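Report on one structure; see the data block that follows.
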Amino acid sequence: MYPIHATIKKLLDEEWFEEAMTRIAELGEKRDQSSVEFLIDILVESQNTLVRNEVAIALKDIGDNRAVCPLIEALSNAEMRKSRGTLLYAMEDMQYEAYIEIIVALIGDANLEVRLQSFLLFEKVADKLSEQQKMICKNVILQFKAVSANANEMLDEALDLLRN
């Protein structure tokens with residue numbers, strides 16, 4: 001384990017969250033590829049929303065695609081509900097297209113930040129999706145609109161992107 005990782009782990013164990021988040025941010029700023037797995041472990045294990053958000057931002061700064069799958073899994077974790085907007089934001093410059101159906105479903109989320117981030121991710125790749133992915137996304141959106149009180153104009157815009 002790298003010394004900085006041991007320091008962060010100790011700070012988290014002792015609940016010195018602000019100092020730990022400062023060190024986590026430094027890993028992101030340095031774009032430290034060797035810290036990706038360490039950060040993913042914190043993302044999965046931490047119960048602190050602010051720490052998880054800082055980890056997601058550090059992973060975004062590093063930009064390593066190894067983080068995509070854990071970020072997607074975190075979106076499905078009920079304990080990470082308050083971090084969804086940040087988790088989506090973290091994937092902005094990564095290759096998340098394989099999980100687009102999960103992201104598209106969040107365009108109908110009750111939280112505005114989550115809706116916006118998921119729509120922005122979808123909009124960024126809509127023209128690059130396979131026909132099968134487009135069909136799946138369209139079905140996800142239509143099903144959501146049919147059963148949800150949270151239907152919004154972004155869902156209609158997403159459908160428009162699929163028609164082009």
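The values are calculated or read from the model by the stated rules, or taken from the named source; none is laboratory data. A quick note: this is a predicted structure, and the numbers were derived from the prediction, not measured. Cβ sites come from the backbone with ideal geometry, for glycine too, and all protein chains shown count toward neighbours.
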Among (1) in contact with a Gly (Cβ under 7 Å, 6 or more places away or on another chain); (2) assigned by TED's automatic domain parsing to the domain that holds GLU157, which single condition is ASP61 missing?
(2)
Checking ALA98 against (1) within 19 Å of LEU39 (Cα to Cα); (2) in a helix (DSSP H, G or I), which single condition isn't satisfied?
(1)
State whether one or more residues within the stretch 67-90 are among the charged types (D, E, K, R), touching a residue at least 24 places away in the same chain (Cβ under 8 Å), within 19 Å of GLU29 (Cβ to Cβ) and assigned by TED's automatic domain parsing to the domain that holds GLU18.
no
